[in-house]
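Asks: Next up is a structure, given as structure tokens.
The values are calculated or read from the model by the stated rules, or taken from the named source; none is laboratory data. Owing to the predicted nature of the structure, the values given are computational and were not obtained by experimental measurement. All Cβ positions, even for glycine, are placed from backbone atoms using ideal geometry, and neighbour counts span all protein chains on display. Surface areas here come from the heavy atoms of the whole protein model, side chains and all, with no ligands, DNA or RNA. Shrake-Rupley method; radii C 1.70, N 1.55, O 1.52, S 1.80 Å.
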Amino acid sequence: MPKREIINPFNQAIIAKLDDATEEEARAAVLAARAAFDAGEWPQWTGPRRAALLRRVAELLVRNKSDLARWETVDTGKTIVESEIDIDDVVSVFRYYAGLAEQDHTRTVDVGPNVVSKVVYEPVGVCVLITPWNYPLLQASWKIAPALAAGNTMVVKPSEVTPMTTIKLVELIEEAGVPAGVVNLVLGAGPEVGPVLTSAPEVDLVSFTGGLSTGQSIMRAAADTVKKIALELGGKNPNIVFADAPFEAAVDHALTGVFLHAGQVCSAGTRLIVHADLHDEFVAELVRRAETIQLGNGLAPDSRSGPLVSAEHRAKVERHVAQAIVEGATLLTGGRRPDDPNLAAGFFYLPTIFDNCRRDMSIVQEETFGPILTVETFTEEDEAVALGNDTDYGLAGAVWTADRERGRRVAGRLRHGTVWINDFGPYVPQAEWGGFKRSGIGRELGPSGLAEYQEAKHVYENTDPQPENWFA
Ligand code: NDP
């Protein structure tokens, strides 16, 4: 089989040549994970011992930070500063789950005399962890760290487009001392090796982050053997700005919220829903600033945004933009590739803003995953909430207002898994992340992110057994 070429989306330089796994190799990875779970030492490790391993991984990540950040940048195109922030976050995630692994989560239930009733939390078993190309290392850590903390074995399948830092992470986990067979890496194209993993009867859980239609196909593949599934499927996230919003902060965050990482962020604030009184001033300022965003090589210190991840992905963004124009959206800026010849070899696309958008337009409803902002207006609070909820997705949203009561009221009414008030984008390992509606099933991060990888078992012990004589 020819080697797969991994390219830098900034200039299409080949950064690595890798072998895809064959179907037999993918199958062997599942069987290795099964054997390590059923017969290996790993599930017998105590929580504190697993925690120590996670902390060693965190230390190795810190030690290898600059190397990892560089790989993440040349693989995804994102700026080196963003890659460094990602690595810091990954370290925090491993440390957070080390902390949870150290704790005994056993719950004792008071049933009365002569009974000891305990709920214990055990690993689910063999987990298949499938990650996307936009935050390769970060998304891998959100799955691998809690799966290890809970005592599972696993098969990890990164995106074929951006596998480099996941390969490195698995090496570091091995260096930290994880037993053989616990963490197995499978490279290759999702449509080819994916179904081998997601339909394998030896697999107990599939955790996936990526696009909606892939998530739906994974649900179908997992159904036959009733696997547990966890899905994070992106969003179409509203950013609601009232007329009394703190102008400078709201403009700044609206810009970053949608154009960071060229919009390839599941929680990107792609739908600006702005009060009619503020619309003109706010949108004019956004356009002005969008036109000054410095696109470039992620490794160059003055670049503020890199290219899109691939030619295929840019083609999708271009199709969405063309459709928006057909449907009557007003193009204010962008809508094309940049003219700069220095960017011609990369998959760049200009930050793009559409005004006069309506909720029935496909650019407002479908996830583009590119640097595209749509603008809708409202006059009443109820209208803003209705617009903010008028999406099949439900991952994240924000509300900007000087009225704290109103901010909390609107946050309470938005049907999204994360809502920011007067902010956009922050997340912390301690707090759950995930989606309502078609944004997914389950939660990552926080205690729920560990619970995804655990089975609760009730152990009921009768300390004074007596006959019941029900049928006597
Ligand atoms: P996919 O959903 O296809 O990719 C996500 C992961 O799933 C990758 O590892 C991919 O592998 C794998 N995969 C693909 N097909 C299968 C399958 N049949 N069984 C198992 N695994 C599979 O995302 P795309 O790259 O196609 O992007 C499509 C859209 O998804 C984007 O435009 C964006 O809208 C959305 N998206 C959302 C993300 C999020 O964070 N929620 C992240 C990325 C994309 P491989 O890459 O090797 O094919």
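Asks: Tell me, please, whether a residue that is within 27 Å of His416 (Cβ to Cβ) and open to solvent by less than 10 Å² (accessible area, probe 1.4 Å) can be found in segment 330-340.
Replies: no
Asks: Looking only at segment 264-307, count how many residues are of a type in the set (S, T, N, Q) and at pLDDT below 95. Walk me through it before giving the result.
Replies: Residues of segment 264-307 that are of a type in the set (S, T, N, Q), as a first pass: 264, 267, 270, 292, 294, 297, 303, 305.
Next, from what is left, pick out any that are at pLDDT below 95: none.
Count: 0.
Asks: Tell me yes or no: at least one residue of segment 271-291 is in contact (Cβ under 8 Å) with a residue 12 or more places away in the chain, within 16 Å of the ligand (Cβ to nearest atom) and more than 21 Å from Ala13 (Cα to Cα).
Replies: The answer is yes, given that some residue of segment 271-291 is in contact (Cβ under 8 Å) with a residue 12 or more places away in the chain, within 16 Å of the ligand (Cβ to nearest atom) and more than 21 Å from Ala13 (Cα to Cα).
Asks: A further question on this structure: Among (1) closer than 16 Å to Phe424 by Cα; (2) crowded, with 22+ Cβ neighbours inside 10 Å, which single condition is Gly298 missing?
Replies: (1)
Asks: Tell me which residues, restricted to segment 251-267, are of a type outside the set (Ser, Thr, Tyr) and touching a residue at least 60 places away in the same chain (Cβ under 8 Å).
Replies: His253, Ala254, Gly257, Val258, Phe259, Leu260, His261, Ala262, Gly263, Gln264, Val265, Cys266 - these are the residues of segment 251-267 that are of a type outside the set (Ser, Thr, Tyr) and touching a residue at least 60 places away in the same chain (Cβ under 8 Å).
Asks: Next question, about the same structure. On the basis of being within 16 Å of the ligand (Cβ to nearest atom), open to solvent by 40 Å² or more (accessible area, probe 1.4 Å) and more than 21 Å from the chain's Cα centre (by Cα), does Arg319 make the cut? So that I can check it myself, show each step before the final result.
Replies: Details: within 16 Å of the ligand (Cβ to nearest atom): yes; open to solvent by 40 Å² or more (accessible area, probe 1.4 Å): yes; more than 21 Å from the chain's Cα centre (by Cα): yes.
Yes, satisfied.
Asks: Considering only segment 179-198, how many residues are more than 16 Å from the ligand (Cβ to nearest atom) and in contact with a Leu (Cβ under 6 Å, 6 or more places away or on another chain)?
Replies: 0
Asks: Restricting to segment 427-459, name every residue that is open to solvent by 50 Å² or more (accessible area, probe 1.4 Å) and of a type in the set (Ser, Thr, Tyr).
Replies: The answer is Tyr427, and nothing else.
Asks: Shifting gears a bit: Being open to solvent by less than 10 Å² (accessible area, probe 1.4 Å) and within 27 Å of Arg49 (Cβ to Cβ) is the filter here, so list the residues in segment 184-205 that pass it.
Replies: Val186, Val203, Leu205
Asks: Quick one: Glu383 ticks every box in (1) in contact (Cβ under 8 Å) with a residue 40 or more places away in the chain; (2) at negative phi except a single one, so which number is it?
Replies: With respect to (1) in contact (Cβ under 8 Å) with a residue 40 or more places away in the chain; (2) at negative phi, Glu383 is out only on (1).
Asks: Which condition does Gly112 not pass, out of (1) within 16 Å of the ligand (Cβ to nearest atom); (2) farther than 21 Å from Arg56 by Cβ, if it passes all the others?
Replies: (1)
Asks: Out of everything in segment 427-461 that is part of a helix (DSSP H, G or I) and basic (Lys, Arg), what residue ends up being farthest from the ligand (Cβ to nearest atom)?
Replies: Filtering segment 427-461 for residues that are part of a helix (DSSP H, G or I) and basic (Lys, Arg), the one farthest from the ligand (Cβ to nearest atom) comes out as Lys437.
Asks: Considering only residues that are out of contact with any strand residue (DSSP E or B) (no Cβ under 9 Å at 6 or more places or on another chain), more than 16 Å from Pro158 (Cα to Cα) and among the polar types (S, T, N, Q), look in segment 1-58 and name the one that is most open to solvent (accessible area, probe 1.4 Å).
Replies: This residue is Gln44.
Asks: Within segment 413-426, which residues are part of a loop (DSSP other than H, G, I, E, B) and either at pLDDT below 95 or surrounded by fewer than 18 Cβ atoms within 10 Å (Cβ to Cβ) (or both)? Write out each step before concluding.
Replies: Filtering segment 413-426 down to residues part of a loop (DSSP other than H, G, I, E, B) leaves 414-417, 422-426.
Across segment 413-426, the qualifying residues are Arg415, Asn422, Asp423, Gly425, Pro426.
Asks: Further, regarding this structure: Go through the residues of segment 160-176 one by one and say whether even a single one is acidic (Asp, Glu) and within 10 Å of the ligand (Cβ to nearest atom).
Replies: Within segment 160-176, one or more residues are acidic (Asp, Glu) and within 10 Å of the ligand (Cβ to nearest atom).
Asks: Looking only at segment 62-73, which residues are under 15 Å from Asn8 (Cα atoms) and open to solvent by 20 Å² or more (accessible area, probe 1.4 Å)?
Replies: Passing the criteria: Arg70, Trp71.
Asks: So, one more: Report yes if some residue within segment 199-207 is free of Cβ contacts under 8 Å to residues at least 40 places away in the same chain, over 22 Å from the mean Cα position of the chain (by Cα) and within 12 Å of the ligand (Cβ to nearest atom); otherwise report no.
Replies: Here is the first cut: in segment 199-207, the ones free of Cβ contacts under 8 Å to residues at least 40 places away in the same chain are 199, 201.
Cutting the leftovers down to over 22 Å from the mean Cα position of the chain (by Cα) gives us 199, 201.
In the following step, the residues that additionally are within 12 Å of the ligand (Cβ to nearest atom) were identified as 199.
Yes.
Asks: With segment 68-175 as the region, which strands (runs of 3 or more DSSP E) entirely inside it contain at least 1 residues that are in contact with a Phe, Trp or Tyr (Cβ under 6 Å, 6 or more places away or on another chain) and closer than 30 Å to Glu461 by Cβ? Outline the logic, then answer.
Replies: On the way: elements: 107-109, 115-123, 126-130, 153-157.
Of the strands (runs of 3 or more DSSP E) lying wholly inside segment 68-175, those with at least 1 residues that are in contact with a Phe, Trp or Tyr (Cβ under 6 Å, 6 or more places away or on another chain) and closer than 30 Å to Glu461 by Cβ span 115-123, 126-130, 153-157.
Asks: On the basis of being surrounded by 17 or more Cβ atoms within 10 Å (Cβ to Cβ), under 25 Å from Pro447 (Cβ atoms) and not polar (S, T, N, Q), does Val120 make the cut? Can you show your working first?
Replies: Values: surrounded by 17 or more Cβ atoms within 10 Å (Cβ to Cβ): no; under 25 Å from Pro447 (Cβ atoms): yes; not polar (S, T, N, Q): yes.
For Val120, the condition - surrounded by 17 or more Cβ atoms within 10 Å (Cβ to Cβ), under 25 Å from Pro447 (Cβ atoms) and not polar (S, T, N, Q) - is not met.
Asks: Can you spot a residue in segment 225-236 that is at positive phi and touching a helix residue (DSSP H, G or I) at 6+ places or on another chain (Cβ under 7 Å)?
Replies: yes
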